[in-house]
Amino acid sequence: MRITGHHAVPFPVEKVWDALLDPAVLVRTIPGCERLESTGEHTYAMTVSAGVAAVRGTYDGTCSLSDLVPHESLVMRLQGAGAPGTIDATVRVSFSQVDAALTTVAYDADATVGGMVGGVGQRMLASVSKRTAGEFFDNVSGAIGGAGTAPVAAATEAAVGRVFTAPPRPPSSQQDFLRGIAVGAGLVLLGVLLGSRFGRRR
Amino acid sequence: MTTKLFGQKIQRVEDQRFLRGDGRYVDDIGVGQDVLHAAVLRSPHAHARIVDIDVSGVLDLEGVHLVWTHDDLTGPMADPLPLLIPHPALTHGRTQFALARDEVNHVGEAIAFVVADDRYVAEDAVASIRVEYDLLPPVVGIDAAREASRLVHDDVPGNLAARLEQENGDARAAIAASPHTLSLDLTVERSASMPLEGRGTVARWDPDVGRMTVWTSTQTSTGVRAAVAAKLGLDLGQVDVVTPDVGGGFGVKINHPWPEELLVPLAARTVGRIVKFTEDRREHFISSAHERGQVHHVEVGYDDDGRVLGLDVTFWHDNGAYIPYGLIVPIITSTQLLGPYKPGAYRVVFESLYTNTVMVTPYRGAGRPQGCYVMERTLDAIADALGQDRTDVRAANFIQPDEFPFDQGLIFQDGRELEYDSGDYPASLAKLKDLIGWDEFPRFREEMAAEGRRVGIGLACYVEGTGVGPYEGAHVHVETSGKVKVATGLTTQGQGHATVFAQIAADVLGCRFEDVEVVTGDTRRMPYAVGTFASRAAVMSGSAVHLAATRAREKALRIAADALEASPDDLEIVEGVVSVRGTDTSIDLGTVAVLSNPLRYAFDEASKAATQFSVGDPGKPPVAEDDEPGLEGRDFYSPERSTFASGMHAVIVETDPDTAEITILKYAVVHDCGPLINPMIVEGQIQGGVAQGVAGALLERMAYDESGQLLNASFMDFLMPYVTEVPARIDIDHLETPSPLNPLGIKGAGEAGVIPSAAVFASAISDAEGFPITAMPISPSDLFDLRERRKETR
């Protein structure tokens, strides 16, 4: 299936690019992301908990980035599998600076969703993934704005084996997340993916 | 024979149980006992090599008893599952393994098998198995299969399982010489049987006596029994297969053995406990079987009267990833396409193609709906081209009543000649036109048009080969109580066998209907049987029950004649009492049963009459050389060939000019299955068939994406009809043209209702819209899009 969309982030492109490539940020902003580990150059392993309609569970996945054009575009390849299903996706992401304070991030994902989530949740996937993506970008905006997060900048030493885990989330955000799931939520991975594709800084 | 019960609307004896919740299905077996539960890991990918399966740690989970992959299977269990129906044209038959060995070929293919204390633990265990796949490009849909740039099986070039051609006359020459010709392309999408009870198997191994009992939701107990014995290395005599109540089969459960039908007994023997597998709905969508998906190309030549001079049909059959049931479905399409017609010459070619989707096995109708649709669409196109009434074109092509038996010059699905035994198609058409109001329709259309409403009328005719061989048997046992036990080996999935077989037995024996108890699908009671498919149960087992009951009756009369010192010719049996006609000298059937079994030991008052100092001629052995003890009859019915039922449906539909909603205004059926054993049950079969046909024509389809994921694998997205989608009333009329091939003259009725649905709705919607419908099923959205496209091309 094909999922496309774009989001406006109210920061300059450099800041957005940096934030989206910082695993320490991503692990906190990707809905349902519990763990993010650098496994090699441009590759990550991650654990994400998500649900689409009644199909919920935890997915283990990998993410690799290629064709990085700083501040312009990248390609992310994602694979994930868990009890509820599998995802295999190629996501093309492009950044465009609207003005000094606004960046548009567009994504074009070609995803194969398999297993139970593919058969039972398919009709909700597109809307759920868009919703999750929206939630993710809102979180990123918050992170760049420094709303109670760790420094966004310097995770340059994203060394192999370094593990990032999500801090306990405040009840409200947890609630939002659960609500998101309940609606049909989790894109399992797209959001994830969306997020994780940014998980490497260059 | 008396025909007291035959032909009567006897209420189904099984309904009391079903309506009170006393039905007993496979999942009810073992409830309250110490049963273990199985779950299956299934492929999430349509096409992949299995690089590694990691089951480490699974057995550490509390409550898990067993986890198997293909590596754990040995001997025949490690081989591919059987190819049930080989055919010379099936040059590249492939079947799955009980658990995938190194490759998966459709989403849902079984990979690993877990047995645990309960289903929850079993599913958790399945979830903890890690499989590493090397993804392969999938082949989805007939176009991709034909293009063959990707292969489902590396060793099957062109994805071609089989190519079969049959010809009667020289069709191409006949078309070339015809005054008119037409070409059509016609498609039918996939659907599935979708019984409300999915597959299920329970097994118990008794190590003390070395015996396996398997309860399974199948359409063939004897088939499963043979497969379990062969795969588990047991003697046939060590395996009993019992089919309890079955919550719908519709074809899918004739395929066997399913992986779980072997793995469950094997696990029961391995762990020494009762093991149960119950398929869930999603599993049924992705790991059972589908049908119907075919693409057809028609070339036809005809004369000024619409008479078909030459018909040349090529079609492509999507058989899915595996082909255990052989070529039955496309063979049926290719032969039954002819319906009640006699084209001057006919040629048919089909290719059966592999795709990375769920495999195809027969679904009620079994290729006939597609064949009927192709033929009827063709005749509609001819009528349209000639500007003739569609019923006139049918009439011009009918086989006439005096032409039976009529040999179509082809080989049918049972390997026998496609020779129709009887029928009266012109009479059926006359009845149908009356029933639907064909001649009055133009006026109705005008009235509707005046109100801004759009209506159309359609009809479709079919012939259905029913009662295919090789045989069925029956055993009739009159007990000393006078109760009669009837056993036949084929299974029951709601057809009312307990009622109709009791009608037949009671008529023959002269016993009371209430005293007859029918058992089906239990290999302990009748170990020789074939199965319930192809509308064959009434014809095959009904005839066998008739023959077996006749033997029991003959024996009863012989013994009673002896006891009453009368001639057997002077006896009659009424209400379970044998009496000398015109006298009050009589003996109960139960007493005859007592006398039939010479005893040494009495066990009650009645049996004293049969002990050694009471009966017998001292000069003869107590059981004569050519006789056997007991009042029983056993016989088998094996016909030379199938018997051919027929019918015609007509429908009036309304299509909304704005929303393209399709509404059924009137539905009429004329049906000829020979003499009706029980008209109420036949009408029920027709009603159910029409409901399923409406579903197949207007609602149901399997939505695969290009990666081979089935997107609508639940009842949220796969549309089953509610009662609101099924015609509230179906007008039914019967014709009874007896078959000369069996003692009761009967023909099958089980599939009839569903066969002409795609054809009749396509005809009516085309009539309403003024352009031909060439792809079925059709939803309001499809119709809306067709209208839009036609606007654009104008």
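The values are calculated or read from the model by the stated rules, or taken from the named source; none is laboratory data. Being a predicted model, the structure only gives us computed values, none of them experimental. Neighbour counts are summed over all protein chains in view; Cβ atoms, including those assigned to glycine, are modelled from backbone coordinates with ideal geometry.
Key figures for this structure:
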{"read-out": "Subset of segment B:96-111 [closer than 12 Å to B:His70 by Cα, in contact with a helix residue (DSSP H, G or I) (Cβ under 7 Å, 6 or more places away or on another chain) and of a type in the set (A, V, I, L, M, F, W, C)]", "value": "B:Phe97, B:Ala98, B:Leu99, B:Ala100, B:Ala110"}
{"read-out": "Elements of type strands (runs of 3 or more DSSP E) contained in segment B:351-466, each with 3 or more residues being within 30 Å of B:Ala713 (Cβ to Cβ)", "value": "none"}
{"read-out": "Test set (1) within 14 Å of chain A (Cβ to nearest Cβ); (2) closer than 26 Å to B:Pro401 by Cα - B:Gly306 fails condition number", "value": "(1)"}
{"read-out": "Failed condition for B:His497, given (1) closer than 25 Å to B:Gly688 by Cβ; (2) in contact (Cβ under 8 Å) with a residue 60 or more places away in the chain", "value": "(2)"}
{"read-out": "The lone exception for A:Asp110 - which of (1) within 12 Å of another protein chain (Cβ to nearest Cβ); (2) among the charged types (D, E, K, R); (3) surrounded by 19 or more Cβ atoms within 10 Å (Cβ to Cβ) it fails", "value": "(3)"}
{"read-out": "Residue in segment B:37-52 that is outside any loop (DSSP other than H, G, I, E, B), over 21 Å from B:Ile286 (Cα atoms), touching a residue at least 12 places away in the same chain (Cβ under 8 Å) and within 14 Å of chain A (Cβ to nearest Cβ) present", "value": "yes"}
{"read-out": "Segment B:53-88, residues that are of a type in the set (Val, Ile, Thr) and within 14 Å of chain A (Cβ to nearest Cβ)", "value": "B:Ile53, B:Val58"}
{"read-out": "Residues being surrounded by fewer than 20 Cβ atoms within 10 Å (Cβ to Cβ), modelled with pLDDT of 95 or more and not in a strand (DSSP E or B) - total across segment B:639-670", "value": "5"}
{"read-out": "One residue from B:Gly619, B:Gly630 being surrounded by fewer than 19 Cβ atoms within 10 Å (Cβ to Cβ) and either modelled with pLDDT of 95 or more or at positive phi (or both)", "value": "B:Gly630"}
{"read-out": "Close pairs from segment B:764-781: first touching a residue at least 12 places away in the same chain (Cβ under 8 Å), partner loosely packed, with under 15 Cβ neighbours inside 10 Å and not in a helix (DSSP H, G or I), Cβ under 7 Å, at least 6 apart", "value": "B:Thr774/B:Asp185; B:Pro780/B:Thr659; B:Pro780/B:Glu661"}
{"read-out": "Residue match in segment A:21-30 (condition: among the polar types (S, T, N, Q) and at pLDDT 85 or above)", "value": "no"}
{"read-out": "Per-region count, segment B:595-622, residues assigned to a loop (DSSP other than H, G, I, E, B) and either closer than 17 Å to B:Val478 by Cα or among the charged types (D, E, K, R) (or both)", "value": "8"}
{"read-out": "Residues satisfying the stated conditions in segment B:256-275, i.e. under 24 Å from A:Gly115 (Cα atoms) and surrounded by fewer than 24 Cβ atoms within 10 Å (Cβ to Cβ)", "value": "B:Pro259"}
{"read-out": "Index of the failed condition, B:Ile755 passing every other in (1) out of contact with any Phe, Trp or Tyr (no Cβ under 9 Å at 6 or more places or on another chain); (2) under 15 Å from B:Pro777 (Cα atoms); (3) more than 14 Å from every other protein chain (Cβ to nearest Cβ); (4) not hydroxyl-bearing (Ser, Thr, Tyr)", "value": "(1)"}
{"read-out": "Segment B:362-381 - residue that is aliphatic (A, V, I, L, M) and buried (at least 24 other Cβ atoms within 10 Å of the Cβ) and, of those, nearest to B:Ala534 (Cα to Cα)", "value": "B:Ala366"}
{"read-out": "Residue match in segment B:700-720 (condition: of a type in the set (Ser, Thr, Tyr), touching a helix residue (DSSP H, G or I) at 6+ places or on another chain (Cβ under 6 Å) and within 14 Å of another protein chain (Cβ to nearest Cβ))", "value": "yes"}
{"read-out": "Qualifying residue in segment B:324-344 (condition: under 28 Å from B:Ser535 (Cα atoms), basic (Lys, Arg), crowded, with 23+ Cβ neighbours inside 10 Å and not assigned by TED's automatic domain parsing to the domain that holds B:Gln96)", "value": "no"}
{"read-out": "Matching residues, segment B:717-734, being over 14 Å from B:Val690 (Cβ atoms) and part of a loop (DSSP other than H, G, I, E, B)", "value": "B:Asp717, B:Phe718, B:Leu719, B:Met720, B:Tyr722"}
{"read-out": "Lone unmet requirement of (1) more than 14 Å from every other protein chain (Cβ to nearest Cβ); (2) without any contact (Cβ under 8 Å) to a residue 60 or more places away in the chain; (3) crowded, with 19+ Cβ neighbours inside 10 Å; (4) among the aliphatic types (A, V, I, L, M) for B:Ala728", "value": "(3)"}
{"read-out": "Residue within segment B:582-595 that is within 19 Å of B:Gly489 (Cα to Cα), in contact (Cβ under 8 Å) with a residue 40 or more places away in the chain and outside the structural domain of B:His256 (by TED's automatic domain parsing) present", "value": "no"}
{"read-out": "Hey, A:Thr86 modelled with pLDDT under 90, touching a helix residue (DSSP H, G or I) at 6+ places or on another chain (Cβ under 7 Å), among the polar types (S, T, N, Q) and more than 20 Å from A:Val163 (Cβ to Cβ) or not", "value": "yes"}
{"read-out": "Within segment A:118-146, considering residues that are at pLDDT 80 or above and either within 14 Å of another protein chain (Cβ to nearest Cβ) or touching a Pro at 6+ places or on another chain (Cβ under 8 Å) (or both), the one surrounded by the fewest Cβ atoms within 10 Å (Cβ to Cβ)", "value": "A:Ser141"}
{"read-out": "Within segment B:456-509, considering residues that are in contact with a Lys or Arg (Cβ under 9 Å, 6 or more places away or on another chain), of a type in the set (Gly, Ala, Ser) and within 17 Å of B:Asp522 (Cβ to Cβ), the one surrounded by the fewest Cβ atoms within 10 Å (Cβ to Cβ)", "value": "B:Ala498"}
{"read-out": "Segments classed as strands (runs of 3 or more DSSP E), wholly inside segment A:34-88, with at least 3 members that are over 15 Å from A:Leu21 (Cβ atoms), away from chain B (no Cβ under 14 Å) and free of Cβ contacts under 8 Å to residues at least 24 places away in the same chain", "value": "none"}
{"read-out": "Residue match in segment A:8-31 (condition: over 25 Å from A:Gly142 (Cα atoms) and either touching a strand residue (DSSP E or B) at 6+ places or on another chain (Cβ under 9 Å) or assigned to a strand (DSSP E or B) (or both))", "value": "no"}
